[in-house]
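J.: The structure under discussion is supplied below as structure tokens; questions concerning it will follow.
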Amino acid sequence: MKYSVMVIIIALIATACIAGCTQQAPAQVQPKEIKIGAMVSMTGPNSNVGKSMWQSVVLATDEINANGGVFVKQYNAKIPIKLVQGDDESTRDGGQKAATKLITEDKVDVLVGGYSSGVTSSYQQTVAEYKVPYIVTGASSPVITHRTDIDTSTVFHACPTTDAYGKYTTTFIDQVIRPAVNKKFSFPADRPFRLALLYQDTAFGQGVQIAVNETITKNKLNIKLVSQEKFKMSESDFRTPLTVIKAANPDALYVAAAPNEGAQIVPQAKRDVGLNTIFLSVENNDAPEYYTGIGQYGDYSIIESRFSPYITPAGSVADAQNAFKNNYVTKWGMYPDMMGAATYEGTYIAAKAIENAGTLNKADIRQALVDLRMPELIEYMKDGTISFSKDFRESQFNHWMEQLYYNSTIGETRPKIVWPDNLKVTDFVLPDWYKPGSA
């Protein structure tokens, strides 16, 4: 009898197991939102740039959500984006604190943003530990994706690196400015061009310095670096290094600084130190803050650029770029800067990667970024496509050089493209007051 009862119990258990096993697994609960963490500098010396980045990511998110959000195949539905702000306070400690909160408490699906290379590198260990896909839109040091002390495989550079624009600017100096100086002053063609550098003592500034030196050496350019001075991030008085540079008699000065710094360097150089030369600035200075700060002292200076608030090169993304600027001005009452444009695109890149992945699984989103081939949006890309290189996950942009001309009516300079030939609207000009360095 006991044996028969035992058999019956086992049979019932087996039947229940079979029935349970044949049932479908419960459907996964659809999340209410996709969380994108925006790493931006809302306070501290980089706050003007951080504000533009934040306002741009808000604009992109509003546009995406107005269309229902991002389609995620796993749930067969569009899911809206929720932005979570991470203020890095323009400091390494602030960056670590903000990133840790976004990743461990807010549990964001993707990160976008990052401006200062030094600040961004400070929290990469946390990004690596939690394997969060990170679309970097401002921190341009190649160290961000080249470093080997931690795993950087989830980090994607959606902005040019200092290697790219340092090389581009140095090439412009060799091909355009050097021949112009030789011609105007009847110098022999083999006269070395005398270039000075003033750079921020950070991964960003040092990256530019390295790129310039390597470009000259590798390409055997006839450029002599007569002075290489550095300054600490967020300094406001640059007259000491500028005096040293003036004594070196340069033909031009290439400045690797943030907009708030560059806007002070050029006036101090011309007004206070009497350094009347051609100033070249890094692309991040193509920002309203810079134009306001340099005023008349920026006349005939140069900016390497890929996006400007005040001009739009003709081409495939001209209409989209103008629409972005107009929408930004309408929403925020001001023009966007280059870092804002990049972060706007970074938000769309994140959305497209999630859509292509079909899931919010971080590993799948990361792979979707690796495989990404997306039509250019508002910036001109190599081959018209947003993608990331297989080695260090870097995007390839089309650049140009602008010369600034002072407009006394508005009290600011405005840019015109002078190089390359397929984009230029006017020729590079050496002003009458320009004086070259010693022969």
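J.: Scan the stretch 184-193 and tell me whether some residue there is buried (at least 24 other Cβ atoms within 10 Å of the Cβ), in the same structural domain as residue 263 (by TED's automatic domain parsing) and either modelled with pLDDT of 95 or more or farther than 21 Å from residue 420 by Cβ (or both). Break it down stepwise before answering.
T.: Going residue by residue through the stretch 184-193, those that are buried (at least 24 other Cβ atoms within 10 Å of the Cβ) are 193.
Then drop every residue that is not in the same structural domain as residue 263 (by TED's automatic domain parsing), which leaves 193.
With the extra rule that they be either modelled with pLDDT of 95 or more or farther than 21 Å from residue 420 by Cβ (or both), the set shrinks to 193.
Yes, because at least one residue in the stretch 184-193 is buried (at least 24 other Cβ atoms within 10 Å of the Cβ), in the same structural domain as residue 263 (by TED's automatic domain parsing) and either modelled with pLDDT of 95 or more or farther than 21 Å from residue 420 by Cβ (or both).
J.: Kindly evaluate residue 103 against the criterion of being outside any loop (DSSP other than H, G, I, E, B), at pLDDT 95 or above, within 30 Å of residue 429 (Cα to Cα) and among the aliphatic types (A, V, I, L, M). Let's see the steps before the verdict.
T.: Working: outside any loop (DSSP other than H, G, I, E, B): yes; at pLDDT 95 or above: yes; within 30 Å of residue 429 (Cα to Cα): no; among the aliphatic types (A, V, I, L, M): yes.
Here the answer is no, as residue 103 does not meet what is asked.
J.: If you take the residues of the stretch 144-173 that are out of contact with any helix residue (DSSP H, G or I) (no Cβ under 8 Å at 6 or more places or on another chain) and assigned to a loop (DSSP other than H, G, I, E, B), which of them is surrounded by the most Cβ atoms within 10 Å (Cβ to Cβ)?
T.: Here the residue is 149.
J.: State whether one or more residues within the stretch 59-66 are among the hydroxyl-bearing types (Ser, Thr, Tyr) and at pLDDT 95 or above.
T.: Narrowing the stretch 59-66 to residues among the hydroxyl-bearing types (Ser, Thr, Tyr): 61.
Now restrict to residues that are at pLDDT 95 or above: 61.
Among the residues of the stretch 59-66, at least one is among the hydroxyl-bearing types (Ser, Thr, Tyr) and at pLDDT 95 or above, which makes the answer yes.
J.: While we're looking at this one, here's another question. Could you tell me which residue of the stretch 410-437 is surrounded by the fewest Cβ atoms within 10 Å (Cβ to Cβ), considering only residues that are among the hydroxyl-bearing types (Ser, Thr, Tyr) and not assigned by TED's automatic domain parsing to the domain that holds residue 176?
T.: Filtering the stretch 410-437 down to residues among the hydroxyl-bearing types (Ser, Thr, Tyr) leaves 413, 426, 434.
Retained after the next criterion (residues that are not assigned by TED's automatic domain parsing to the domain that holds residue 176): 426, 434.
Values: 426: 10, 434: 17.
Result: 426.
J.: Separate question: If you scan the stretch 190-216, which residues turn out to be assigned to a loop (DSSP other than H, G, I, E, B) and not basic (Lys, Arg)?
T.: Filtering the stretch 190-216 for residues assigned to a loop (DSSP other than H, G, I, E, B) gives 190-192, 201-202.
Result: 190, 192, 201, 202.
J.: Report yes if residue 351 is in contact with a strand residue (DSSP E or B) (Cβ under 6 Å, 6 or more places away or on another chain) and either in a helix (DSSP H, G or I) or surrounded by fewer than 24 Cβ atoms within 10 Å (Cβ to Cβ) (or both), otherwise no.
T.: Working: in contact with a strand residue (DSSP E or B) (Cβ under 6 Å, 6 or more places away or on another chain): yes; either in a helix (DSSP H, G or I) or surrounded by fewer than 24 Cβ atoms within 10 Å (Cβ to Cβ) (or both): yes.
Yes; evaluated as a whole, the condition is true for this residue.
J.: Condition first: closer than 30 Å to residue 372 by Cβ and part of a helix (DSSP H, G or I). Can you find one or more residues in the stretch 227-246 that meet it? Before you say what the answer is, go through the steps one by one.
T.: Step one: of the stretch 227-246, the residues closer than 30 Å to residue 372 by Cβ are none.
No: zero hits.
J.: Here's another thing I want to ask about it. Determine, yes or no, whether residue 329 is assigned to a loop (DSSP other than H, G, I, E, B) and either touching a strand residue (DSSP E or B) at 6+ places or on another chain (Cβ under 6 Å) or of a type in the set (A, V, I, L, M) (or both). Spell out how you get there, then give the answer.
T.: On the way: assigned to a loop (DSSP other than H, G, I, E, B): no; either touching a strand residue (DSSP E or B) at 6+ places or on another chain (Cβ under 6 Å) or of a type in the set (A, V, I, L, M) (or both): yes.
So residue 329 fails the test.
J.: Looking only at the stretch 301-341, count every residue that is of a type in the set (Phe, Trp, Tyr) and crowded, with 20+ Cβ neighbours inside 10 Å and tell me the total. Outline the logic, then answer.
T.: Just the residues of the stretch 301-341 that are of a type in the set (Phe, Trp, Tyr), to begin with: 307, 310, 324, 328, 332, 335.
Filter again for crowded, with 20+ Cβ neighbours inside 10 Å, leaving 307, 324, 328.
Within the stretch 301-341, residues that are of a type in the set (Phe, Trp, Tyr) and crowded, with 20+ Cβ neighbours inside 10 Å number 3.
The values are calculated or read from the model by the stated rules, or taken from the named source; none is laboratory data. In this text, all values refer to a predicted model and were calculated from it rather than measured experimentally. All Cβ positions, glycine included, derive from the backbone under ideal geometry; neighbour counts span all protein chains shown.
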